[in-house]
Every structure is written in C-alpha cells, then in structure tokens.
Amino acid sequence: MIRTVEILEIAKSEGKVLVDDLAQRFGVTTQTIRRDLADLAETGKLERVHGGAVMPSGVVNLDYIQRQELNAAGKARIGRACAAHVPENASIFVNIGTTNEAVSRELLSHKNLLIVTNSLNSANILSANPDCDIIVAGGNLRRSDGGLLGNLTTQVVDLFKFDLAIISCAGIDEEGDLLEFDLQEVHATKAILRQAKSTFVVADQTKIGRTAPGRIGNLASVTKVFTDAPLPLPINDLCSESETEMIVC
C-alpha cells in the first residue's frame, strides 16, 4: 500500500509519526492509521508509542548523520528554550548529543561560563564564544560522533561540582527512565548527574517512548525537561508528582 510506504518515509525523516497528524494528512480516519501503524510495527519497520510510532530502537543507535538531520527544527527550538534558562556566571556540563549541540549554538552569547564537555562537536561550537572557558573531559574518542568516554572522562567529571548539567539521551520510556545505547555513555552521564546541583534534560519528540538497553536515571530526579511535543500522560504525571518542570517548545 502506497500510504504505508509514505508513512515510513515520514517516520524516517521526522523520527516520529502521530496518528492524528497522519489521519489529517492522508484524509482517512484515525482507525485506518492505527491499522497501518500496527502493520508496520508487526513487520518491525516501526515501533508503536503513545499516540503514534517511532523508528524501531533495537540495541544500536542511529548513526550520527541521521541523528543530525532528524527533527533538526525541533532540536533548534529546544536549544533556544534551554539556553534561555541557563544563567550566566555558572559552571555547566554539556554531554554528547545533537540536541546538546543545538543548545551549545544558543550559548554563544552567554558570558562568564565555565563549560565542561565530553563532546568534541560541542567544544568546537562553543569555542566561538570568547566569554566561555571550555574544558574538554578527555577519554576514548568515539569517532562516529566526536564523543569522549571511558575512565578518564569520569575521572575529569569527578573533579568538579557543577551548577548545572545539560544532558541528552537516546530515549525516555513511559516510566520516565532516561535510556542510552552505549554503556560507557551511561557511566559517564551517571557521573555527571552525581556532580550537578541542577539538571536539565533536552529530548526532542523522537526520543519520547523510545527504548534502549542502558538506564541513566529517571525524570523524577531532574530539575527541568525540555522537549518539542506534549509528553504522554504517564510521563506528564511523573513530572508533576516529582516537581520536574516541563517546558514544551
């Protein structure tokens, strides 16, 4: 069926499809779209989530170029909103991720920041800000995305007490758990969370409902979460109960 092929192409370009949006786009009922998504999920081409479907998670992340292109506009909105909540005269950790690269671009006009990062990409972006001191947390280079990981990374993290950590992740499940594919990245991000007074999580809509094998922590323990679409009710309730502030861009 041509419609399911088009739905799959939309999911590949945007990372996520929503039942209501697809029904409006194709001029069919929501029940028809749900059947289409069920068929695509049955063949493993999509993974059903609350209100729609996402690209299947598996045990390996998308490659870096795909992640750069995926929902770039949404990540840019998240970057602007997150940066607007970052105070000047602060010490910050920015971890690996294309959404955090969007945040880094929006920090170029901030003053008197000490930023530690284990992302060579974010470090290169932030180097254009003359009022920002940058420390790169060394480690083993993950060539696919410029991430630095391993024992040396966590040793550098443990030297600091950050005012704020800005972290991204590969997925957030319906229990509010922050998930990642690379277990070395899980260890690094856990260390970052331990050393931060406050934590911002940046996650675009393609991450919501997505699964990965490694668990970093839970939204209940973070300060703010920035995303570009309303959160599913279970996650919304969790954030409300734990007083985690939700900012939908």
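Read-outs throughout are calculated quantities, based only on the coordinates presented, and are distinct from any laboratory measurement. The model shown is predicted, which means the values in this text are computed figures rather than measured ones. Note that each Cβ is placed from the backbone with ideal geometry, even for glycine, and that neighbours are counted across all protein chains shown.
For the stretch 22-161, the square roots a ≥ b ≥ c of the C-alpha gyration tensor eigenvalues yield an a/c of 1.5 or more together with a/b exceeding b/c, which makes the shape prolate.
When the alpha carbon gyration tensor of the stretch 137-233 is reduced to an equivalent ellipsoid, its three semi-axes come out at 23, 16, 11 angstrom, largest first.
Can you classify the stretch 2-54 as rounded, prolate or oblate using the Cα gyration tensor, where a ≥ b ≥ c are the square roots of its eigenvalues, rounded means a/c under 1.5, and otherwise it's prolate if a/b beats b/c and oblate if not? Don't jump to the answer; show the numbers that get you there.
Numbers: a/c = 1.34, a/b = 1.24, b/c = 1.08.
It is rounded, given that a/c, with a ≥ b ≥ c, falls under 1.5.
For LYS207, the lysines whose Cα comes closer than 21 Å to its Cα, not counting residues fewer than 8 places off in the same chain, are LYS12, LYS16, LYS45, LYS75, LYS190, LYS224.
Computed from Cα atoms, the angle from the helix 72-84 axis to the main principal axis of the chain rounds to 40 degrees.
Could you quote the convex hull projected area for the stretch 64-248, Cα atoms only and averaged over all directions, in nm²?
On the way: hull surface 35.7 nm².
So the Cα hull casts an average projection of 8.9 nm².
With charges only on Cβ, +1 for K and R and -1 for D and E, what is the dipole size of the chain about its Cα centre, in debye, rounded to 20?
Working: 24 positive and 32 negative charges, 60 e Å.
Using only the charged Cβ atoms, the result is roughly 300 debye.
Beta-bridge orientation, the chain: approximately 40 percent antiparallel, per DSSP, counting only bridges with both partners inside.
Charges were assigned to the Cβ only: +1 to each Lys and Arg, -1 to each Asp and Glu. The resulting dipole of the stretch 2-54 about its Cα centre is roughly 40 debye.
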